[in-house]
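Read the structure below first, then the notes.
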Amino acid sequence: QVQLVESGGGLVQAGGSLRLSCAASERTFSTYVMGWFRQAPGKERDFVAAAMWIGRSTLYGDSVKGRFTISRDNAKNTVTLQMNSLKPEDTAVYYCAASRVGWSTSASDYDYWGQGTQVTVSS
């Protein structure tokens, strides 16, 4: 059972930056695809970014391309999401997730989830 714990959320003004971190408990962390999703009130959980288990392959949702950067450190069992040029529409609960299935933007393909961290962007 992989346990994921997010940190780094908070309140920021539009145009600002936040950095989210996710720590994984599993020693085989390096074999999972790691992703970030977000969910705003009354909306579905949307894909934000994913990082392949090896190498530098990454994938981003269209709304965050060029503003967000995902990175992982397999030695430390962590994955981070650097969020720049934040907009009010980025306000949501952000979830870290791990997938054994493979490369996917679908939440249903992710096996483990963190508890979420709130990101609020004021205008």
Item checked: Of all residues in segment 6-23 being aliphatic (A, V, I, L, M) and part of a strand (DSSP E or B), the one that is nearest to the chain's Cα centre (by Cα) -> Leu20
Next item on the list: Report yes if Lys76 is in a loop (DSSP other than H, G, I, E, B) and within 14 Å of the chain's Cα centre (by Cα), otherwise no.
Entry: no
Next item on the list: Determine which single condition Thr69 fails, assuming it passes every other condition in (1) touching a residue at least 60 places away in the same chain (Cβ under 8 Å); (2) in a strand (DSSP E or B); (3) surrounded by fewer than 17 Cβ atoms within 10 Å (Cβ to Cβ).
Entry: (1)
Checklist line | Odd one out for Gly102, checked against (1) assigned to a strand (DSSP E or B); (2) small (Gly, Ala, Ser); (3) surrounded by fewer than 14 Cβ atoms within 10 Å (Cβ to Cβ) | finding: (1)
Notebook entry, point to check: Are there any pairs, at least 6 apart or on different chains, whose C-beta atoms fall under 9 Å, with the first in segment 107-120 and on the phi > 0 side of the Ramachandran plot and the second open to solvent by 70 Å² or more (accessible area, probe 1.4 Å), and if so, which?
Noted result: none
Note to self: Just to check your reading of the model, which residue among Gly42, Gly15, Gly61 is farther than 14 Å from Trp103 by Cα and open to solvent by less than 60 Å² (accessible area, probe 1.4 Å)?
What the structure shows: Gly15
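The values are calculated or read from the model by the stated rules, or taken from the named source; none is laboratory data. On a predicted model such as this, the values are computed, not experimentally measured, just so you know. Counting neighbours? That spans all protein chains shown, and the Cβs are built from the backbone with ideal geometry, glycine included. Each accessible area value is taken on the protein alone, full model and side chains, heavy atoms only, with ligands, DNA and RNA left out. Shrake-Rupley method; radii C 1.70, N 1.55, O 1.52, S 1.80 Å.
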